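Take a look at the structure below.
Coordinate-derived values only; no laboratory data. This is a predicted model, so every value here is computed, not measured. Reconstructed Cβ throughout: ideal geometry from the backbone, glycine too, with neighbour counts over all protein chains shown.
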Amino acid sequence: PHNQTGLPTPQFHQARERGHEMTLNVHTGMPDPTPMQLKVKRLHDGATLPTYGTQGAAAFDLYAAEDATGRYGRVSVGTGLAVEIPQGWGLFMKPRSGMAFKDGIHAFAGTIDSDYRGEMRVLLLSDAGGPFSVKKGDRIAQAVLVECPQVQIVEVNELSDTTRGVGGFGSTGV
């Protein structure tokens with residue numbers, strides 16, 4: 001981090017001298033020695049904690065805590081985990097690209113709110129619509145934490161004009 005003159009702050013130098021990497025607080029730009037934490041509770045033995053596939057991964061992988069078979073093209077699969085998401089944030093589930101490309105199986109995009117404490121479950125859907133199965137320990141989805149400020153909802157009679165206007169699906173090209 002830098003001060004108003006554009007020079008690194010004393011805290012930044014002190015941390016570097018001690019050999020610590022610094023995380024910056026996104027709101028203040030000041031050093032934040034503790035990275036954000038996601039508290040995870042295993043609901044039963046054998047549940048696998050989320051992992052990042054690479055050091056630069058934006059999302060972490062979620063694992064099946066049970067064998068499951070989708071008989072009609074979909075199935076809900078438990079992760080065996082509950083999470084405590086920081087207030088003002090949400091956890092968004094996403095499909096794993098490898099599963100979608102290789103097997104035609106997609107994780108339905110889901111949102112977990114910061115006040116939910118139940119088991120994270122993943123709804124899997126098959127392109128083919130037929131039966132498919134997953135095994136305990138399979139990576140079944142990925143998830144990312146996103147800051148989600150609650151806003152004041154204000155009803156108005158008019159909205160500001162834009163170049164795009166009311167152009168919806170496909171309006172910017174295919």
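Between Asn157 and Thr69, the distance separating the two model label sites (each 7 Å from Cα on the Cα→Cβ line) works out to 6.2 nm.
Working from the alpha-carbon coordinates of region 32-149, get Rg over Rh, Rh being the Kirkwood radius. Let's see the in-between values first.
Values: Rg = 14.3 Å, Rh = 14.7 Å.
Result: Rg/Rh = 0.97.
Spacing of the modelled spin labels on Lys41 and Asp115, each 7 Å from Cα toward Cβ, amounts to 1.7 nm.
Computed over region 102-174, the Cα gyration tensor eigenvalues convert (square root of 5λ each) into semi-axes of 35, 22, 10 Å, ordered from largest to smallest. Take the Cα of Ser76, go 7 Å toward its beta carbon, and the backbone nitrogen atoms of region 109-153 under 12 Å from that spot belong to 119-124.
By the Stokes-Einstein formula, at 0.890 mPa s and 25 °C, region 75-125 with its Kirkwood radius over alpha-carbon pairs has D equal to 208 µm²/s. The trypsin sites (Lys or Arg not before Pro) of region 61-112 that meet both conditions, a loop assignment by DSSP and at most 15 other Cβ atoms within 10 Å of the site Cβ, are Arg71.
With both labels modelled 7 Å from their Cα along Cα-to-Cβ, the Val166 to Thr34 distance reads 5.1 nm. Pairs over the 22 Å Cα-Cα cut-off, from the set Lys39/Lys102; Lys41/Lys136; Lys94/Lys135: Lys39/Lys102.
Report the gain in length on full extension from Ser97 to Val144: 0.36 nm times residue separation, minus Cα-Cα distance, nm rounded to one decimal.
15.5 nm
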